[in-house]
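**Q** Have a look at this one before I ask anything.
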Amino acid sequence: MLLLLLLVSVASGVAAERHTFRLEREAEVVADLEMSSPGSDWGKAGREAALATLRLDSAPCGNVMLYAGERRFRYSVFLGRVAAGEHALEVERDPQHSAAGCGLVVHAALFRHFRRGDPYYPVLANAPVLYARPNTVGKFTDVPLLMYCERLEEKGRPLVQYTAIYSNEDGGTSTRALVARWGRTTDIDYVYRAWVDARGAPVRGTYQGKDHKELPYRGTREAAHPVLGVSTDNNMVAEEARSAIRYQLAPVVVNLTKGSREQVMDQHPLTYQVMAQELTREGKLRPFGTLEGENISDPRNYLYFEMKLANRNSGVAVRVRRRGEEAWWSSHLGRMDYAISRDGWVRAGVELPPGTTGEQVAEIGLECLVVRPERARWPHSGACLVEAVKQAFFLSPDYAPGPSVWNLPAASMVLPTGVMRRFEVSAK
């Protein structure tokens with residue numbers, strides 16, 4: 001990987017900004033664009049963000065939604081396979097798809113290139129082009145904030161798997177259930193995976209289509225990049241889906257063997273802020289202690305738990321008691337279907353009174369509940385294996401994950417259904 005050129009220029013946000021770089025040889029290129037959108041606020045209707053249009057050597061090569069608002073933020077996009085020689089990237093505010101009054105300032109542009117042999121090359125060269133869902137265009141919802149990639153193996157053959165973190169989910173799981181069973185209201189979905197050869201070229205690929213079906217990819221490619229579009233309200237993709245907005249997010253490489261998918265959000269805390277702002281703008285928040293359909297309270301009111309589980313006809317719910325109180329607060333809100341019945345690393349959220357701190361948490365309970373398998377009779381019993389509770393944290397006032405309140409490392413604790421274990425939390 002080489003750094004090609006750093007330009008520290010400030011744009012007016014009106015005319016296209018032009019940034020040049022030179023390649024000695026053909027390579028896959030990433031542009032790190034430090035930008036801001038004066039006058040914008042993702043949480044306020046009509047002021048959501050500016051949309052940038054990118055053109056490489058006068059040819060359109062994607063868009064960038066400036067969801068970070070007025071703050072200077074680095075947006076990383078891939079430009080695809082670029083030939084040797086001089087090149088120019090133009091960045092311009094899209095007047096049709098930007099919120100009125102939201103400007104666009106380009107503070108700096110840094111170009112990086114990668115060739116075969118670089119460890120990041122297979123990850124970058126196979127990253128998917130992703131068109132926005134057509135019914136989100138102009139509505140500033142369900143925006144892909146981040147693309148991450150896992151380097152995996154199947155029967156000894158390497159593969160790269162890409163997952164998108166969207167700001168929201170308009171269809172599928174309810175907002176309340178998302179917090180209870182996933183500890184967030186963003187949508188995190190696998191998009192595409194490619195089995196690659198020794199040169200990083202795709203041997204075959206699959207994608208996640210409607211109804212979460214894994215389908216063979218036979219669509220268009222730009223070099224090795226598959227071209228997909230979000231096609232359903234719960235952010236599944238299709239080969240033929242297209243819209244006016246196209247994203248080329250440079251993927252970040254992660255290892256999820258020791259944590260949940262949500263830990264990627266922890267590493268990129270702006271995702272929590274954008275999540276909360278979108279909830280505010282779409283009227284999905286309610287005052288604490290009230291019930292308004294599927295609405296939730298401020299995400300900063302929740303204590304989030306990261307656990308590793310294995311379930312048998314069962315689901316785990318988390319309960320919390322505050323010091324000096326007899327009441328317990330639960331993640332599943334008294335609903336069996338809000339208990340966490342999947343295996344592996346998971347997240348849960350427990351709503352607590354506003355302003356609750358870690359010092360006020362007195363006890364934590366882990367409860368095992370009978371869960372009925374889909375299209376099956378209710379089982380008589382089951383069991384929950386709690387392998388670990390890695391952390392429990394609140395979001396800070398600026399939505400960054402705070403320090404852990406409690407953990408239970410290497411628990412390997414089996415709970416029969418109908419049983420809850422209580423754990424005292426020492427005051428710090």
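**Q** Under 6 Å by Cβ, and 6 or more places apart or on different chains, what pairs join a residue from segment 210-237 that is closer than 16 Å to Trp195 by Cα and modelled with pLDDT of 95 or more with one that is open to solvent by 30 Å² or more (accessible area, probe 1.4 Å) and in a strand (DSSP E or B)?
**A** Ala223/Arg81; Ala224/Pro202
**Q** Mind checking which strands (runs of 3 or more DSSP E) fall wholly inside segment 373-428 and carry at least 1 residues that are open to solvent by 90 Å² or more (accessible area, probe 1.4 Å) and hydrophobic (A, V, I, L, M, F, W, C)?
**A** The strands (runs of 3 or more DSSP E) meeting that bar are 413-416.
**Q** Something else: Which numbered condition in (1) surrounded by 15 or more Cβ atoms within 10 Å (Cβ to Cβ); (2) over 20 Å from the mean Cα position of the chain (by Cα) is the only one that Gly69 fails?
**A** (2)
**Q** Still on this model: For the condition of a type outside the set (A, V, I, L, M) and either under 26 Å from Ile296 (Cα atoms) or open to solvent by 30 Å² or more (accessible area, probe 1.4 Å) (or both), what is the one hit in Tyr166, Tyr148, Tyr192?
**A** Among Tyr166, Tyr148, Tyr192, only Tyr166 is of a type outside the set (A, V, I, L, M) and either under 26 Å from Ile296 (Cα atoms) or open to solvent by 30 Å² or more (accessible area, probe 1.4 Å) (or both).
**Q** Exactly one of these conditions fails for Arg22: (1) of a type outside the set (A, V, I, L, M, F, W, C); (2) more than 24 Å from Ser243 (Cα to Cα); (3) open to solvent by less than 50 Å² (accessible area, probe 1.4 Å). Give me its number.
**A** (3)
**Q** Just need a number here: residues in segment 354-366 that are more than 21 Å from Arg184 (Cα to Cα) and open to solvent by 30 Å² or more (accessible area, probe 1.4 Å).
**A** Residues meeting the conditions: 2.
**Q** How many residues does segment 209-242 contain that are of a type in the set (Asp, Glu) and within 22 Å of Pro122 (Cβ to Cβ)?
**A** Residues flagged as of a type in the set (Asp, Glu) and within 22 Å of Pro122 (Cβ to Cβ) within segment 209-242 amount to 3.
**Q** Determine whether Ala59 is closer than 22 Å to Val227 by Cβ and either surrounded by 21 or more Cβ atoms within 10 Å (Cβ to Cβ) or over 25 Å from the mean Cα position of the chain (by Cα) (or both).
**A** yes
The values are calculated or read from the model by the stated rules, or taken from the named source; none is laboratory data. What you see is a predicted model; the values in this text were computed from it and never measured. Cβ sites come from the backbone with ideal geometry, for glycine too, and all protein chains shown count toward neighbours. The protein model used for the area step is the full one, side chains on, heavy atoms only, and it has no ligands, DNA or RNA in it. Shrake-Rupley method; radii C 1.70, N 1.55, O 1.52, S 1.80 Å.
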